[in-house]
Structure formats: C-alpha cells, structure tokens
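Have a look at the structure below, then the notes.
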Amino acid sequence: MTAAALIEAYLAGAEALAEAIRGLGPAALRARPVAGTWSTLEVVCHLADAEALFADRMKRVLAEDRPTLLFADPERFAAALAFDARDAVEEVACVGAIRRQMARILRAQPPDAWQRVGVHSKEGERTLEQLVRKAIDHLEHHLTFVRAKRQALDDGAASQPAGGTPSVLRGRDEP
C-alpha cells in the first residue's frame, strides 16, 4: 500500500468510528449487551486515548532518532481515566482531529521518513509505516466490537449493568 493510500485509510477510520456510534443514546453507549466486554463508550474512550498515543509515537519517530515508545496498559488507562464520565461524541471528535492533523504531517514527509524507527518498550523496533498501519488496524479491530454491541442492542440482548471495567482486549492488543 502506498503512503497516500495508508493516509487515506488512516483518515477513513475516524469517519467509520463516527458512523458506528451515530444515533446511539447515552443508555445504549453505556450498555454492555455483550457479556464480559467494555461498553461502547468505554471502547470509544480507549480508541481516543490510543489515538493520542499513536500520534505521539509517530511524531517522535519523525522528530527524534530512535525514540523509545513506551507501552501503555489499556486496562490501567480504563481504570484511571474516567471512561464513564466522558462524552462519546467528544471522544470521536478527538480521534478525527488527531487523524486529520497527523494526515497533514504525514503527507509532508519525504518517502524515506516512512522507514524511520522508534523502539517500542515491549515490541522492539517499529517504523513510521508500521505505526500508521497499527493505528489503522487497532481502530478497525475495535470497530468490530462496537458493531457487535450495536447489533446485540438491535437484537434486544439483555444488557449488563454498567460498573467495573471488563476487558475487551482479549488478545492484549495494547496501543
């Protein structure tokens, strides 16, 4: 995939996320129609927090020589960052704003910048291209959960009460 195509796929994720939650009210956003998983609001908050991390990593790979890219534990973020008090529409807007800003930055880079490297504290070396691909894949991975929750709500599945923070990250796909 070319750099231009990667950037377009990266940008498309923000609109896909907005579409996935469009029309959901507060109760639906907080519902847990799929047992043992985060609510849609919690997933959206996780995506917004991860997006900021991905952008920071990309910027540091562009601006620094072999920067360390620290692991961020999504379960600890969820426990500490008031997911239930946040606004889903605002969080989606953050994802869109970050992706639009990064797209402008990425478009301005010379071709060799895509091979610049950062060193993830758990995963090792990661190029800018790999970081962009991970951001794209991460959002799409979680959209699968959001869509499944929406379908379960549409099908009338019983909702678990909100409270606690179940894990939706079955494979520990941390940002």
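The values are calculated or read from the model by the stated rules, or taken from the named source; none is laboratory data. Just so it is clear, the model here is predicted, and its values are computed rather than measured. Don't worry about glycine lacking a Cβ; one is built from the backbone with ideal geometry, like all the others, and counts go over all protein chains shown.
Worth pointing out:
- Taken together, GLU75, GLU123, GLU129 contain a single residue that is over 28 Å from ILE21 (Cβ atoms) and in contact (Cβ under 8 Å) with a residue 60 or more places away in the chain, which is GLU129.
- If you go through segment 32-73 and keep only what is touching a Ser or Thr at 6+ places or on another chain (Cβ under 8 Å) and on the phi > 0 side of the Ramachandran plot, you end up with just GLY36.
- The helices (runs of 4 or more DSSP H) falling completely within segment 40-131 that include 1 or more residues that are of a type in the set (Val, Ile, Thr) and either closer than 30 Å to ASP154 by Cβ or modelled with pLDDT under 95 (or both) map to 40-63, 88-107.
- Those residues of segment 84-108 which are farther than 27 Å from LEU24 by Cα, of a type in the set (Gly, Ala, Ser) and surrounded by 13 or more Cβ atoms within 10 Å (Cβ to Cβ), in sequence order: ALA103
- Condition check for ALA12: among the aliphatic types (A, V, I, L, M) and at pLDDT below 95: no
- Looking across segment 123-160, the residues that are of a type in the set (S, T, N, Q) and exposed (fewer than 14 other Cβ atoms within 10 Å of the Cβ) come down to THR144, GLN151.
- In segment 109-122, the residues that are out of contact with any helix residue (DSSP H, G or I) (no Cβ under 9 Å at 6 or more places or on another chain), among the charged types (D, E, K, R) and surrounded by 12 or more Cβ atoms within 10 Å (Cβ to Cβ): none
- Between GLN101, GLN115, the distinction of being farther than 17 Å from HIS138 by Cα, touching a Ser or Thr at 6+ places or on another chain (Cβ under 7 Å) and free of Cβ contacts under 8 Å to residues at least 60 places away in the same chain belongs to GLN115 only.
- Matching residues, segment 8-24, being surrounded by fewer than 19 Cβ atoms within 10 Å (Cβ to Cβ) and either of a type in the set (Phe, Trp, Tyr) or in contact with a helix residue (DSSP H, G or I) (Cβ under 8 Å, 6 or more places away or on another chain) (or both): ALA9, LEU11, GLU15, ALA16, ALA18
- Any chance ALA27 is surrounded by fewer than 18 Cβ atoms within 10 Å (Cβ to Cβ) and touching a Phe, Trp or Tyr at 6+ places or on another chain (Cβ under 9 Å): no
- Residue match in segment 24-31 (condition: on the phi > 0 side of the Ramachandran plot and over 19 Å from the mean Cα position of the chain (by Cα)): no
Per-residue answers, yes or no, for (1) touching a residue at least 24 places away in the same chain (Cβ under 8 Å); (2) within 12 Å of VAL146 (Cα to Cα); (3) in contact with a Leu (Cβ under 9 Å, 6 or more places away or on another chain):
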residue	(1), (2), (3)
GLY13	yes, no, yes
LEU17	yes, yes, yes
THR40	yes, yes, yes
VAL44	yes, yes, yes
ALA52	yes, no, no
ALA55	yes, no, no
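- Scope segment 33-58; condition buried (at least 21 other Cβ atoms within 10 Å of the Cβ) and over 19 Å from the mean Cα position of the chain (by Cα); matching residues: PRO33
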